[in-house]
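Asker: Before I ask anything, let me first share the structure, which is written out below as structure tokens.
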Amino acid sequence: MEETSAGSLQQGNHPLSRKLKKILDTRLDNDKDMLEALRAVSTFFTDNNIRTRRNLRGEIERRSLLINQQFSEAFSHVVKDLESVHKDVQAMSHCCKDMTDRLAATKEQTQELITKTSDLQAEGHKLELHSELAEAFLDRFQLKPEEAKVFRGARDGQLHPGFFNALDKVKRIHGDVKVLLRTNQQTAGLEIMEQMALQQESAYERLYRWSQSQCRTMTSDSLDITPMQQQAMKALQNRPVLFSYTMDEYNTARRGAVVRGFIDALTRGKSGPVQASSGDISPDVPTHGGPRPIELHAHDPQRYIGDMLAWLHQASASEKECLVQLLSGCEKQTDDVIRDTLAHILESVCRPLKVRVEQVLISDPETFVLYKLTTLLKFYHDTIRDITGGATETSPLLETISDMHVLCRKLFFNSLQFLSSKLLDKVELPPSDLSPPRTLSETLHLLRDIFDSQDSSILPAKERNEDLIQIMSCLLDPLLQMCAMSASQLQPADMATYIINCIHAIKFLLSLYEFTDQRIEMLSAQIDAHLDTLVNEQAAAILTRGGFADVYKAVLREEGKDLVLSKVPGLDRQSMIIALQRFDAVVVAPDELILPQVSLLASATLKEVATARAHELVTNAYATVHQTFSRISNGYDPSSFNMKTPDQIKLLLC
């Protein structure tokens, strides 16, 4: 029978078979609801036995009933609360309806009051708008009470910090009121314009008085320009006359301060209390915590004038810096004002400076000191001119320094001319060794000092070189003339050696500087000319000592004539042989043939050049005589006498 049941199950038509198949085909992994249900059942289905399986359905139904009872109890409380809320809402609805009815009744009763209130509110808005317009008009075209109070100022004459803001507002009102003149409010516009013009003029007058008093206090060595002073000068630019008067007051104050500071620097320096030995400060003992009085260096012209000019240079820079700071807020161009003001301020020191510089110049300083003062004055003239930015004609200080420079330069060249005339008036005799005289060495030393001082000069190279060339001409031409006069009584060889040594000393000095090329070329040409004389004397001495001079002269005299030279007196064969033998004996010791004058040349190069050129002339003379003696037509028999060739003579002389 079991086999029969199994067969029927396999057929798949039985309901149980279909359920089993459905269960078996179910995939629990994908059925989330089934998994949740089984997980809930697992909480109370702990023992899997026949009893628990039979009671599973009842247990599930029992638990479902319990849950529904709990849910019903919970919702009963919610229903009670909803009924309470419903009652409250109905009460509120009745209350709102009552209030709505009362409001409607009240609205009917107060309709007229509301209309009047609305009209009053509109009128209030209109009046408020009028008030705002009036306030805006007054704010734009009138000063506030506090601004008017600032304009009136304090009794002590001091300006309020808000003064310039109020002044700017007055100027703005004066400009904006022109708009009213284009409307039908011309009367109001004219009244406001007149009122603002009066206040503006009163303000400028007060500002001018204040600026004037401020300028009068600017007499200290160091100034502290305040922003209010800068704003005052900026505002006064709109009134050129008041601005000019204020600058005049500033000029007067600073003019006195500068000249007082200059005199103090000259006579007092910067004094300060000295510390006594006990460590306390003794105010009764004078000392100097800064630079000493400039007058203490009056014995040193260069330092004395240099310190004065340096002080003026510093004062010029300081005054310009103060002026630039004072006028930094000005909108209009102030370069001309600064330049004119500086010229006026610095004019005060012109007379003290001029008197002291002239005192130094009339004390007859040395030539080199005069030159240093000339370059010093020129340097500070250009430096101060760069600071002040003015021309020499428009600045009294620059004009004074320029006049002092011209005077000092004139005295310098006068000193050079005096020195030149002194050289020519008292000419020294040449030393025994034919070296340059003492006066030449001293003058060249002065010229070297002048040239070397230019290395530290910052003048333009072209201007500096032009001055040095002029100075060089003033000294070298008289020096050369003095050398020529000094050597006028000497023999030709001595004169040539002496002048060559003098010119060589001058040339050696000039070769150290790059601007002397043209003068060096001229000196080289003069050396060559005198060297030619010395070379000729040296060659003549060698020929004379060798007994060859008469023969050589005779050959030159008879050369070109159709004569047999052996028959000419003095050129006969015996005379020629004697001259050649004597000359051969002399040239064996060439060092003994050098003239003392050649040995006294200061330049070893020139000494070698003179010797070489003299030997060349002697060799050429020997070659001429040798050629004449060797020519058969002249009646000589060269084969009977062993005579050296010109090349052998040249080798011996070298």
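Here, each number is a calculation from the coordinates, and none is a lab measurement. Only a predicted model underlies this, so the values are computations on that prediction, with no experimental measurement involved. Note that we place each Cβ from the backbone using ideal geometry, even for glycine, and neighbour counts take in every protein chain shown.
Asker: Could you work out how much longer the chain between residue 512 and residue 414 gets when fully extended? Use 0.36 nm per residue separation minus the Cα distance between them, nm to one decimal.
Answerer: Using 0.36 nm per residue and subtracting the Cα-Cα distance, I get 32.7 nm.
Asker: Sorting 360, 41, 337, 241 on the 10 Å Cβ count, fewest up front, what's the list?
Answerer: 241, 41, 337, 360
Asker: Another question, if that's okay. Tell me, 53, 303 in order of fewest to most beta-carbon neighbours within 10 Å?
Answerer: Result, fewest neighbours first: 53, 303.
Asker: Please report 347, 358 as a ranked list, fewest other C-beta atoms within 10 angstrom at the top and most at the bottom.
Answerer: Ranking 347, 358 by Cβ neighbours within 10 Å, fewest first, gives 358, 347.
Asker: What spacing in nm lies between the two simple spin-label points modelled at residue 525 and residue 51, each 7 Å away from Cα in the Cβ direction?
Answerer: Placing both labels 7 Å along Cα→Cβ, they lie 15.6 nm apart.
Asker: Using only the alpha carbons of the stretch 253-426, determine the length spanned along each of the three principal axes and report them from longest to shortest in whole angstroms.
Answerer: 63, 59, 19 Å, listed from the longest principal axis down.
Asker: Using each residue's phi in the stretch 210-220, evaluate 6.51 cos²θ - 1.76 cosθ + 1.60 at θ = phi - 60° and report the 3J(HN,Hα) Karplus result to the nearest Hz, with x for Gly and Pro.
Answerer: With the stated coefficients, the stretch 210-220 comes to 5, 4, 4, 5, 5, 5, 5, 8, 7, 10, 7 Hz.
Asker: Here's a follow-up. Could you work out how much longer the chain between residue 118 and residue 248 gets when fully extended? Use 0.36 nm per residue separation minus the Cα distance between them, nm to one decimal.
Answerer: That pair, residue 118 and residue 248, stretches by 39.9 nm at full extension.
Asker: Could you give each residue of the stretch 243-258 its phi-based ³J(HN,Hα) in whole Hz, using Karplus coefficients 6.51, -1.76, 1.60 with θ = phi - 60°, and x for Gly or Pro?
Answerer: 3J(HN,Hα) across the stretch 243-258, in whole Hz: 4, 5, 4, 5, 5, 5, 5, 5, 4, 4, 5, 6, 4, x, 5, 5.
Asker: Quickly work out the residue 481-to-residue 442 label distance, labels modelled 7 Å from Cα along the C-beta direction, and quote it in nm with one decimal.
Answerer: The answer from the label model is 1.9 nm.
Asker: On a full-extension model of 0.36 nm per residue, what is the gain between residue 19 and residue 295, subtracting their alpha-carbon distance, rounded to one decimal in nm?
Answerer: Once the chain is fully extended between residue 19 and residue 295, it gains 85.6 nm.
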